[in-house]
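Read the structure below first, then the notes.
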Amino acid sequence: MKAGAGGPGHRPPLISEDDRETAVRRLQEAYTEGHLSHEELDERLHQVLTAETHSELVSALASLPEEGAGPTSTIAAVSGRIRRRGVWRVPRILKVESALGRVRLDLSRAVIEHPVVDIELHLGTGGAEITVPRDAIVDVEGLRAGWKEPLYKAPRRSRPGGPRIRISGTMGLGRLKIRHARR
């Protein structure tokens, strides 16, 4: 076996300065969009600047939103209702934060320009109801429920081409209900 062909003396290829600069830019964008705290940015920049292999770069960029995901929009209320319905533009990433109160998001007539929409819920007490377009694909794997599991029944027949709605975050006391629009 030749050296460098995967044997004991094999070293992964070193990263280029272009790769390093791209990683630094992605971290800076994630920080300005609110995905990283100042401490996380410092820690990950150190990882990128000292990385020698692609796997070390990948590790430093783990859990960042997709490149070009756009800014995060946040809807927040301490108490009371949060409601979005009718025609409204759904951002690529939507954070919904409520300590007390109900949340109702109706995406059935909303303008959805992204193939994937991430909705991050942080709810204390109170339920949430989300109506998604008829052809949407819903993923609730990233949601942690403290009291009751989400109520969601995927349609028997789904049509391809709809947006993927990924719902994540935490819910305290309350339940998430998801339904598909009828039309």
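The values are calculated or read from the model by the stated rules, or taken from the named source; none is laboratory data. Owing to the predicted nature of the structure, the values given are computational and were not obtained by experimental measurement. As a convention, Cβ positions derive from the backbone with ideal geometry for all residues, glycine included, and neighbour counts pool all protein chains shown. All accessible areas refer to the heavy atoms of the entire protein, side chains included, with ligands and DNA or RNA removed. Shrake-Rupley method; radii C 1.70, N 1.55, O 1.52, S 1.80 Å.
Condition check: small (Gly, Ala, Ser) and modelled with pLDDT of 90 or more. Does GLY9 satisfy that?
Taking the combined requirement at face value, the residue does not satisfy it.
Filter region 96-108 down to the residues that are of a type in the set (D, E, K, R) and at pLDDT 95 or above, then identify the one that is nearest to VAL132 (Cα to Cα).
Ranking the qualifying residues of region 96-108, first place goes to ASP106.
So how many residues does region 72-110 have that are loosely packed, with under 14 Cβ neighbours inside 10 Å and under 19 Å from the mean Cα position of the chain (by Cα)?
Qualifying residue count, region 72-110: 3.
Please work out which residue is nearest to VAL116 (Cα to Cα), limiting yourself to region 154-180 and to residues that are touching a residue at least 24 places away in the same chain (Cβ under 8 Å), part of a loop (DSSP other than H, G, I, E, B) and open to solvent by 100 Å² or more (accessible area, probe 1.4 Å).
Of everything passing the filter in region 154-180, PRO160 is nearest to VAL116 (Cα to Cα).
Can you tell me which residue within region 27-56, out of those that are in contact with a helix residue (DSSP H, G or I) (Cβ under 7 Å, 6 or more places away or on another chain) and open to solvent by less than 50 Å² (accessible area, probe 1.4 Å), is modelled with the lowest pLDDT?
The selected residue is LEU36.
Quick check: is even one residue across region 137-152 among the basic types (Lys, Arg), free of Cβ contacts under 8 Å to residues at least 40 places away in the same chain, open to solvent by 20 Å² or more (accessible area, probe 1.4 Å) and assigned to a loop (DSSP other than H, G, I, E, B)?
Start the filter on region 137-152 by keeping residues that are among the basic types (Lys, Arg), which leaves 144, 148.
Adding the requirement that they be free of Cβ contacts under 8 Å to residues at least 40 places away in the same chain leaves 144, 148.
Add one more test, that the residue is open to solvent by 20 Å² or more (accessible area, probe 1.4 Å), and what stays is 144, 148.
Now narrow it down to the ones that are assigned to a loop (DSSP other than H, G, I, E, B): 148.
Yes, region 137-152 contains at least one residue that is among the basic types (Lys, Arg), free of Cβ contacts under 8 Å to residues at least 40 places away in the same chain, open to solvent by 20 Å² or more (accessible area, probe 1.4 Å) and assigned to a loop (DSSP other than H, G, I, E, B).
Where the second residue is open to solvent by less than 50 Å² (accessible area, probe 1.4 Å) and not in a loop (DSSP other than H, G, I, E, B) and the first is basic (Lys, Arg) and at pLDDT 95 or above and lies in region 114-134, which pairs have Cβ atoms under 9 Å and are six or more apart or on separate chains?
That search, which allows pairs on different chains as well, returns nothing.
Just name the residue that is nearest to SER79 (Cα to Cα) out of those in region 111-132 that are more than 19 Å from the chain's Cα centre (by Cα) and surrounded by 18 or more Cβ atoms within 10 Å (Cβ to Cβ). Step through it out loud before you land on a result.
The first filter runs over region 111-132 and keeps only residues more than 19 Å from the chain's Cα centre (by Cα), leaving 124-127.
Cutting the leftovers down to surrounded by 18 or more Cβ atoms within 10 Å (Cβ to Cβ) gives us 126-127.
On the way: GLY126: 10, GLY127: 12 Å.
Only one residue fits best here, namely GLY126.
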